[in-house]
C-alpha cells in the first residue's frame, strides 16, 4: 500500500486504508466472512488470508471453489513450513483459513489432526499462568513512576484504575472525557465503554459498561489534556503518537515493558494484560459487598440470570461503590527517599565488607608468619645438618658474641657522631 508523505516534514500522513482493508473491500466473500467480527479479529484473519492467497497464487473466490480435499492440501502445504518456526503461528493460520472455507456453506476441511495422524502437530503453547506475575499495587506505582512523560503516565494510571483493555484505550476520544475534566475535574471520572470503544464487547450480550477513574489518574489525565488537547477537536484520539495516529497495542506493549524493566521487575513475566489483573486484585480486596458490581466494572457478562437483575444505569450508586476501592499509594515515597534508602543499604553493605576484609588481612598476616617460621626452621635444619649439639651450641654462642660486639661498636659510633654535632 502506498502512503503519502508530508512535503514539508517528510513524515507519513496519517489516515487512509490499510492493506488488509483494501483487500477486504476488493472481495465480497471476505467482507461477508468478517463483517460481524471485532476489528482486531478482522485485521488478523484478513492478513492471514491475504498472505495465503499471495503465497499460493489464488484468489479468495478460487479457494472457495476448490473441493474439500484440494483445499485441505493447499492449506496444509502453506501451514506446514510454519510448524518448525512456531506451532502457534501454524495453529493461528490454520484456524483463519479453516474459518474462511467454512463460511462458504458450513463445510469443514477434513484434516486428520489426531495424534499420529497425517496432519497432526503439537500445538500446545507455553502456559503463561506458570510464569505470570501480577503486579501488586506498590509495584504498579513503581512502574508508573518511571514513565518518561505525562502521556505514558496517564495511560498506565487509566489502565490500572479503570481496568479497561488496551483495545478500549486506543479507541477513546478527547470528547469522551472533556465534559468531566472542564471546568473542574469530576471524581470519579466516568468512562462509558461501548462496543465501538471496546470491540470485544461485540461478542458479549451487553451494550456498554462504565469504567471509572479516581483522583491521581484524573489529575494526570487533566495535566495531559491541558498540554495536548486544550483546544483540540473532540473527535481526536485521546492518546496518540507523534504523527497523530491512535496508540496501538504494540506501542503500549513496548512502552510498558520498558517501564517494567526500569522499575527493577522482570519484563518476561509481566505483560500489559496483567495491569487488568492487578486492577481485579485491588477490586477483590475492596470493602464492596456487591459481587455483581465487581464483575460488571470489569466489563464481564454476569452469569445466568444475574445480568437481567443488575442495573448498569444506576450511575451515582455505582460511583459510590467504586470510591470504596482503595487505589491510594501504600507508602507514598519520592525519588529522593528511595535514593536515601539505597544509600543507607550501600553503606551497611560497605561496613560489612570492610569487616570481612580486615578479618581476611589478619588471617593472611598470621599465615605469613607461620610460613616464615617454617622456612627458617627448615633453613636451620639444613645449615646444622651433621653437627653435634656441642658444635651447634658453640657456634651459636660465637654468633651471639659477634652480634653483641657489633651492637656495641655501632652504639659507640653513633655516640661519637652525636658528640661531634
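Readers should treat all values here as calculations from the given coordinates under stated rules, not as data from a laboratory. From a predicted model like this one, the values you see are computed outputs, not experimental measurements. Here the Cβ is made from the backbone with ideal geometry for all residues, glycine too, and neighbour counts use every protein chain on show.
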Inset, instruction - Let me know the Rg and Dmax you get for the range 228-268 when you use only its Cα atoms, in Å. - result: 13.7, 40
Legend entry - Along each principal axis, Cα extent of the range 19-125, largest first, Å: 40, 29, 24
Legend entry - Residue order, fewest to most beta carbons within 10 Å, for 152, 292, 233: 233, 292, 152
Inset, instruction - Take the Cα atoms of the range 336-379, build their convex hull, and give its volume per residue in Å³. - result: 34
Inset, instruction - Kindly give the semi-axes, whole Å and largest first, of the ellipsoid equivalent to the range 87-241, taking each as the square root of 5 times a Cα gyration tensor eigenvalue. - result: 41, 21, 13
Inset, instruction - Please report the Cα spread of the range 196-275 along all three principal axes, rounded to whole Å, starting with the longest. - result: 38, 38, 29
Legend entry - Helix-only mean residue ellipticity at 222 nm for the chain, each DSSP H run of n ≥ 4 adding -39500 (n - 2.57), per residue, nearest 500: -19000 deg cm²/dmol
Inset, instruction - Work out how much length residue 415 to residue 202 would gain on full extension: take 0.36 nm times their residue separation and subtract the Cα-Cα distance, in nm to one decimal. - result: 65.7 nm
Legend entry - Semi-axis lengths (Å, descending) of the ellipsoid that matches the C-alpha gyration tensor of the chain: 75, 36, 23
Legend entry - Part-to-part distance (alpha-carbon centres) for the range 178-226 and the range 21-39, which is given in Å: 30
Legend entry - Neighbour-count ranking [beta-carbon atoms within 10 angstrom, fewest first] of 363, 63: 363, 63
Legend entry - Extension gain, residue 361 back to residue 402 (0.36 nm per residue minus Cα-Cα distance, nm): 11.0 nm
Inset, instruction - Counting other beta carbons within 10 Å of each Cβ, put 76, 387 in order, fewest first. - result: 387, 76
